[in-house]
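Q: Shown below is the structure under consideration.
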């Protein structure tokens, strides 16, 4: 049993790679620079992480169904763009604009969902095409010029709730709602079921088409929200706005424990993943690392997390195989007690 | 005698066809034709040809020699990368890092061979003063500079592929994440090394690889002086290089043990392993091939753009994966062919070119491209479903 | 009181002009267990799919409790309180037991859209009690054993308060103990008045638990009646449509004394312990063991698929070999795995490609290293003919389109192309029908006749006793007994397999 307790420790470490990595990196930068640990800076990290974080929550929904959404960078661009046009030409207020952006994001997601569910085009191809097409549509609207947002939008972006900056507030709301939807609603549990086995889900009477389309709508909504809040911070929308963010969102979700093969992941994971990536970026600024080196270090951190995750997977398969001669705790602890079970069959309606 | 027999056979066949045509309704025949067209593996080629012919009526510029030459020039490097991607898709993987392989090798090749470099541009590069100076790159001026540069580029491409392959095969990491990381990492390296500047001063003999021509035509009025610009190249060095690469890839897949094993790994990895296929080695090799092909494409692009570019290939992902998938290669492994990919590349190049010719502003092109890819994917899905119903 | 709960009247269904079901009229008495048997393709699943609303019949009707029953979808069947427990379980391993039971209609805490977790926990606890599964309702299904998962499926049937429960090959992945538990529950369900249809290839089980038996053959109902009218040999005769004189073909040849494989002290911590045996030329050596006895694991590590611990394997009296799949193939060892879908075949690929896979390197041109395509195609064609694989064009027809028996023949054929001298076969007849089994047995006898040594691993003792020269019995990763043909005795072999289990796993 000694060997197996060591195994269990390794497994415990491997199972919590991202939190361990998180703490290690936090401590590392904390030692490097005292400024890093300032509350102001920590707030800043979370604020910066919130944009990718929101998108990553939506991405988690998609990854849970074993899908992928490459189009969210374009949604982050297109949704605030439409809202910005409406502000400029129709003179609508900030909140209607925000709503409009969200609707645009959901519509975009619905298009993805339609192609994937009804036309049965693979998610990778669908969203790759809408990624290119969506950005094309955006640049066609703006003629590739940048779009400035009026002061009210900036004021909105700089507003605070109980002293907490708006992006963090929205991020917290998105994560909380995402978490509740995933764990407490029928839809959320069906997302997990579909990700585990689509065919079985169909047989079990789940409306899989609705679930699958739903996750892309949610992903579009999260991306649109993220894009709008981000633009409200900087006040200007350029042609490459949000470009490549889909990869950051995927990385954040995967760092947070979501599997590309579906069925595994949760909303809080996206927070950890997004903050981790942002923390590395922020810490590197404090340690005066060349700006161009930062993506390399970030890539390395992501690589390590994925690497340890697959080590864990390999270890688990190995452990699972060894059951012939050493009975596992589970079967020893809880043998199915058929014989001692109470007699009679439950039937809820008397017939 | 034999020829005559053969000939009469053909004639008999034609006669019988003619009779059949007369007998059955033309409608039924048309439907049969349509089905044969739809189920043919050359479907996308037929579509491309039809598209070309229809568009040619409205836009004569399409078939002007200058445009054709231009289209071909665009097709070759894309075909080289897409060949590599096809290998990875066949085992059910994906290689997002091809673009960074191109950037990385482009920079590395330039650092080896450039004949001069501008201090004002590249001063801040960490290589400045060591590997890169006012006098050029490491082997500047050497007779072997170009050969060495090509070799370095290919080796780096294969090395990055090797790293990807080991991570995927040995450590069971998902190909998407591995190549996503190496995409970020190596394009960052390329940008870091040059501080996001292009390296100019590529030697003339290397440029030949991008623009060297073998068969060229001058189409126009008789003139005493023909400017270089008016001579249109059709068979070029890139054409030869790319076709050779595609041909070797095709032979590798169809005629060798490795090729059959690649299909087997893509179709069912566990069954392949039981049958003695060295699955891990096959996976590693496939990624190495992908890196190699990306490096070849990088050579062609670097020569054509006359600079080592740290952002080379940035926006190519859609074109590469799109071309392979439109040709009929499956994202789930086990299904795909090099000549399908070639047709996909032709379709893509034709599409981009025609959208340019239609005077669509550049902004619309991406939009239409996205739509057409969806459409092409949809026809493929429909075909597959119909085929399944046939069986 | 044997009134009728379900009646099929002249049910007919054709696919592409071929009768899948022809005039099936069948009566299921209330509270009975109907054993439904037939070869693969006899129409069992078509009939059950019609009952389940997955497909609709071309003619005939069904009566449920005397009223016409015309299901148009799976949910219609659920509403009619008919439940199906399939061979492959339809559970979501990443959800809890409670969530699995109610996933299609999770109750809400109105007016919020949130799941009413209290309700589903309570109802799950009741259901867990009723099948005697002592785990918490929020236990993840991935933590359950196959037998426990089967119980969850039964709970699903109970949760819709099903009156009719259909079991389709429910024991395929269960251990002997779990099978016993399942039968206990089926008994209790019968006592509670449920009607059940039990479909299985294991005729002994059907004899044990069914009240009535119905036999389908080629889409027709060839016999129906109370269990007492049947015995196993009559059931087989009815299923096959002719009298199989012998279940097992007779082998004319004797094993020689030449040792092909000599396994000495092979150990792998936690998996197998101190394995010693020899396999001789022309010998069919059986390995019997219950599920989890280590029989499959032994096969996998001898073939080099899994890590090899300590010990030695000598081939042909001399050379030892480093165990690894490619070494094994080089040493002319072949391995038919227990699950042909996952590890045996490239289902989407043509038959010819499947056949070529193992022996590719033997068809290389020496100079160019290219594959000699024509020779390969010819060899594939030959082996297809030798094993009488029923198929169309092997170059284009995908493996998945074949019947189970022919698929298994393709697996055997692909190894034959590499001319093995040792054949390890793990459950070669699992999930294939009686006729195809006989053909596989004949192939095994032919191979042995040509001097091949065969390690025949099975959980069906009868087939080992019918086919083998010797039987090794495994339990807990060790070889616990060895029986020569003249000592074959069902009781002794079983006792050996169950030894030291403290009655835990006794039959």
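Values quoted throughout were computed directly from the atomic coordinates according to the rules given, and no laboratory measurement underlies them. Everything numeric here is computed off the predicted structure, so don't read it as measured data. Note that we place each Cβ from the backbone using ideal geometry, even for glycine, and neighbour counts take in every protein chain shown.
Q: Assign one of three labels to the stretch C:1-94, namely rounded, prolate or oblate, based on the Cα gyration tensor with a ≥ b ≥ c the square roots of its eigenvalues; rounded applies when a/c is under 1.5, prolate when it is not and a/b is larger than b/c, and oblate otherwise.
A: Rounded.
Q: Let me ask another. Starting from the Kirkwood Rh over alpha-carbon pairs, what translational D in µm² s⁻¹ does the stretch A:92-208 have by Stokes-Einstein at 37 °C and 0.692 mPa s?
A: For these conditions, the coefficient is 186 µm²/s.
Q: Averaging the inverse of every distinct alpha carbon separation and then flipping it gives the Kirkwood radius. What is it for the stretch C:87-154, in angstrom units?
A: That comes to 12.3 Å for the stretch C:87-154.
Q: Hey, quick one: spin label on residue B:251, modelled 7 Å out along Cα-Cβ, who in the stretch C:344-368 has an amide N within reach, i.e. under 11 Å?
A: In the stretch C:344-368, the label zone of residue B:251 (backbone N under 11 Å from the point 7 Å along Cα→Cβ) covers C:368.
Q: Have a look at A:141, A:68, A:116 and tell me which one the Gaussian network model of chain A (Cα, springs below 10 Å) gives the largest fluctuation.
A: Highest fluctuation of the listed residues: A:141.
Q: Now a separate question. Over chain B, with a Gaussian network built from C-alpha contacts below 10 Å, which listed residue (B:213, B:366, B:95) shows the highest mean-square fluctuation?
A: B:366
Q: Shifting gears a bit: If Rh is defined by the Kirkwood formula over all Cα pairs and Rg also comes from Cα, what ratio Rg/Rh do you get for the protein assembly as shown?
A: 0.98
Q: Got a sec? How would A:287, A:60, C:139, C:452 order by Cβ neighbour count within 10 Å, fewest to most?
A: Ranking A:287, A:60, C:139, C:452 by Cβ neighbours within 10 Å, fewest first, gives A:287, C:139, C:452, A:60.
Q: Limiting things to C-alpha atoms, what are the Rg and the maximum Cα-Cα separation (Dmax) for the stretch B:343-391, in angstroms?
A: Final numbers for Rg and Dmax: 13.9, 45 Å.
Q: On to the next question. Grab the alpha carbons of the stretch B:226-312, take their convex hull, and tell me the volume per residue in Å³.
A: So the per-residue hull volume is 116 Å³.
Q: In nm², what is the average projected area of the convex hull enclosing the Cα atoms of the stretch B:280-391?
A: With every direction weighted equally, the projected area is 9.4 nm².
Q: Related question: Go ahead and run the numbers for FRET between residue C:108 and residue C:207, Cβ-Cβ distance against an R0 of 45 Å, rounding to 0.05.
A: 0.45
Q: Follow-up question, since we're still on this one. So what is the 222 nm mean residue ellipticity for chain A from helices alone, if each DSSP H run of at least 4 adds -39500 (n - 2.57) and you divide by all residues, rounding to the nearest 500 deg cm²/dmol?
A: -24000 deg cm²/dmol
Q: Separate question: Counting pairs of alpha carbon atoms under 8 Å apart in space and at least six apart in sequence, what relative contact order in percent does the stretch C:345-419 give?
A: 50 percent
Q: Which of these, A:142, A:18, A:126, has the largest mean-square fluctuation under a Gaussian network model of chain A (Cα springs below 10 Å)?
A: Largest GNM mean-square fluctuation: A:142.
Q: So, one more: According to a simple spin-label model (label point 7 Å from Cα along Cα-to-Cβ), what is the distance in nm between residue A:285 and residue C:385?
A: Simple spin-label model gives 7.7 nm for this pair.
Q: Give, in nm to one decimal, the length gained when the segment between residue C:12 and residue C:276 is fully stretched (0.36 nm per residue of separation minus the Cα-Cα distance).
A: Working it through step by step, the gained length comes to 89.4 nm.
Q: With label points built 7 Å along Cα→Cβ from the Cα atoms of residue A:148 and residue C:192, find their separation and express it in nm.
A: Distance between the two pseudo-spin positions: 7.4 nm.
Q: Follow-up question, since we're still on this one. Per residue, what volume in Å³ does the convex hull of the Cα atoms of the stretch C:63-190 enclose?
A: It comes to 124 Å³ per residue, whole-number rounded.
Q: Among DSSP bridges having both ends in the protein assembly as shown, what percentage is antiparallel? Round to the nearest 5.
A: Close to 60 percent.
Q: Moving on. How high is the FRET efficiency between residue C:378 and residue C:312 when r is their beta carbon distance and R₀ equals 45 Å, given to the nearest 0.05?
A: 0.70
Q: Ignoring solvent entirely, what values of log10 I(q)/I(0) come out of the Debye formula for the stretch C:4-240 at 0.11, 0.14, 0.16 Å⁻¹ when each Cα is a single scatterer?
A: One equal scatterer on each Cα of the stretch C:4-240 leads to -0.59, -0.92, -1.16.
Q: I would also like to ask the following. Summing -39500 (n - 2.57) over the DSSP H runs of n ≥ 4 in chain C and dividing by its residue number, what mean residue ellipticity at 222 nm do you reach, to the nearest 500 deg cm²/dmol?
A: Roughly -9500 deg cm²/dmol at 222 nm, from the helical runs in chain C.
Q: Using only the alpha carbons, work out the radius of gyration and Dmax of chain A in angstrom.
A: In Å, with Rg to one decimal and Dmax whole: 23.1, 77.
Q: Sticking with this structure for a sec: Working out 0.36 nm times the residue gap between residue C:250 and residue C:88, then minus their Cα-Cα distance, what length gain in nm do you get to one decimal?
A: 54.8 nm
Q: Right, next: Working only with C-alpha atoms, what are the Rg and Dmax values of the stretch A:1-147, expressed in angstrom?
A: In order Rg, Dmax, the Cα atoms of the stretch A:1-147 give 21.4, 72 Å.
Q: Using label points projected 7 Å from each Cα along Cα→Cβ, tell me how many nm separate residue C:393 and residue A:25, to one decimal.
A: With each label point 7 Å from Cα toward Cβ, the separation is 5.6 nm.
Q: For chain B, what is the mean residue ellipticity at 222 nm derived from helices alone (per DSSP H run of n ≥ 4: -39500 (n - 2.57); sum divided by total residues; nearest 500 deg cm²/dmol)?
A: -23500 deg cm²/dmol
Q: Next question. With 20 Å bins from zero, work out the P(r) of chain C over every alpha carbon pair and list the percent per bin.
A: P(r) for chain C, in whole percents per bin: 20, 50, 28, 2, 0.
Q: Over the Cα atoms of the stretch C:345-419, compute the convex hull volume and normalise it per residue, giving Å³.
A: Output value, Cα hull per residue: 78 Å³.
Q: Turning to a different aspect of this structure: If I model the stretch C:235-390 as equal point scatterers sitting on the Cα atoms and use the Debye formula, what is log10 I(q)/I(0) at q = 0.17 Å⁻¹?
A: Values, matching the q order: -1.25.
Q: Classify the stretch C:164-323 from the C-alpha gyration tensor, please: rounded if a/c falls under 1.5, else prolate or oblate depending on whether a/b exceeds b/c.
A: Taking the square roots of the gyration eigenvalues as a ≥ b ≥ c, the stretch C:164-323 is oblate.
Q: Follow-up question, since we're still on this one. If I take R0 = 45 Å and measure r between the Cβ atoms of residue C:70 and residue C:491 in this structure, what FRET efficiency does the formula 1/(1 + (r/R0)^6) give, to the nearest 0.05?
A: According to the calculation, E is roughly 0.30.
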